[in-house]
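Here's the structure we're looking at; comments come further down.
The values are calculated or read from the model by the stated rules, or taken from the named source; none is laboratory data. The shown structure was predicted, so the numbers you read here are calculated from the model rather than taken from an experiment. Please note: Cβ atoms are built from the backbone with ideal geometry, for glycine as well, and neighbour counts cover all protein chains shown. These accessible areas exclude ligands, DNA and RNA; they are computed on the full protein's heavy atoms, side chains included. Shrake-Rupley method; radii C 1.70, N 1.55, O 1.52, S 1.80 Å.
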Amino acid sequence: MDLPLSRAVASRLDVLSEAGSTNAVLRELSVDAQAWPHLSVLLTDNQTAGRGRLDRTWTAPAGASLAVSVLLRRLPSAIDARGWIPLAAGVAMADAIAEQLPERDVAVKWPNDVLVDGRKICGILAEATHDAVIVGTGVNTAMTASDLPVPTATSFAVLGAEVDADRLLSTYLRELDALVAALAAAGDAVSSGLHAAAVDRCATVGLEVRVSLPGDRILVGTATALDADGRLLVRHDGIETAVSAGDVVHVRPA
């Protein structure tokens, strides 16, 4: 896989012919901080045991998707600010996808999916190590309609487009690095501009939603905003509840 634009952005970029989970492989490799510095990237188009939030499995036919894991070491000092990193990845990937699908509606579904015309094209999973954060993304590139795991998914191929993987990845890496750097410098998402960028891309705000919470609890209401901590605010019967990504099983349109 020839990726000259992406290699110019990443500090290190390794392509694997196959991987169980690029996040898991990068986690093991990242112990060597000198060999794997900030903005190191591991990717494959054949991930056999990918994972999503809450340890959900994620699989795709070989060559039909792109699994990318990015190592971030230059992090905000405030732990709460680091909770914005998945949303930063969502904004960065949405912008990278929109660059190649300018006629489509590209948005972020809170907290960790990228949608095109309301259908999922990319999932995001951020995982903390002792001194870094690994951001994994899985983008549906060449999946056919019969390959899609659920009817609510889509891919570049289904949309009639052939992805430029190098352009997609380089744009994503450049913007992710810039958003996280600004977050680290400002100390919070509002001052850095990430809050505004996330709200601008968020498909969930304004919708009637059904939020599945642990313990079989359900919250139905209107998603009104993202707060300064990246939580989704849901209004029901005049009461606004802040829902954090870690507490959510599913968010769906009501």
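When you scan region 229-254, how many residues do you find that are open to solvent by 60 Å² or more (accessible area, probe 1.4 Å) and either part of a strand (DSSP E or B) or closer than 19 Å to Trp84 by Cβ (or both)? Lay out the reasoning, then the answer.
To start, the set of residues in region 229-254 that are open to solvent by 60 Å² or more (accessible area, probe 1.4 Å) comprises 229, 231, 235-240, 246-247, 250, 252-254.
Going one step further and asking which of them are either part of a strand (DSSP E or B) or closer than 19 Å to Trp84 by Cβ (or both), we end up with 229, 231, 235-236, 239-240, 246-247, 250, 252-253.
Residues flagged as open to solvent by 60 Å² or more (accessible area, probe 1.4 Å) and either part of a strand (DSSP E or B) or closer than 19 Å to Trp84 by Cβ (or both) within region 229-254 amount to 11.
Could you look through region 151-169, keep only residues that are over 14 Å from Leu66 (Cα atoms) and open to solvent by 70 Å² or more (accessible area, probe 1.4 Å), and pick out the one that is modelled with the highest pLDDT?
Filtering region 151-169 down to residues over 14 Å from Leu66 (Cα atoms) leaves 151-153, 158-161.
With open to solvent by 70 Å² or more (accessible area, probe 1.4 Å) added as a condition, the list becomes 151-152, 160.
On the way: Pro151: 88, Thr152: 91, Gly160: 97.
Across region 151-169, the extreme among qualifying residues is Gly160.
Conditions tested, residue by residue: (1) open to solvent by less than 30 Å² (accessible area, probe 1.4 Å); (2) among the polar types (S, T, N, Q); (3) farther than 24 Å from Ser65 by Cβ.
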position	(1), (2), (3)
Gly118	no, no, no
Ile121	yes, no, no
Val135	yes, no, no
Thr171	yes, yes, no
Arg174	no, no, no
Asp188	no, no, yes
Leu194	yes, no, yes
Ala203	no, no, no
Subset of region 214-224 (residues that are open to solvent by 30 Å² or more (accessible area, probe 1.4 Å) and either closer than 30 Å to Arg73 by Cβ or among the hydrophobic types (A, V, I, L, M, F, W, C) (or both)):
Ile218, Val220
Considering each residue of region 226-254, count those that are on the phi < 0 side of the Ramachandran plot, free of Cβ contacts under 8 Å to residues at least 60 places away in the same chain and not polar (S, T, N, Q), and give that number.
17
Candidate set from region 85-124 (those that are closer than 14 Å to Thr137 by Cβ and small (Gly, Ala, Ser)); member that is modelled with the lowest pLDDT:
Gly123
Within the bounds of region 6-19, is there any residue that is within 28 Å of His195 (Cβ to Cβ), at pLDDT below 95 and open to solvent by less than 60 Å² (accessible area, probe 1.4 Å)?
no
If Gly63 meets every condition in (1) in a loop (DSSP other than H, G, I, E, B); (2) in contact with a Leu (Cβ under 6 Å, 6 or more places away or on another chain); (3) not aliphatic (A, V, I, L, M) apart from one, which number is that one?
(2)
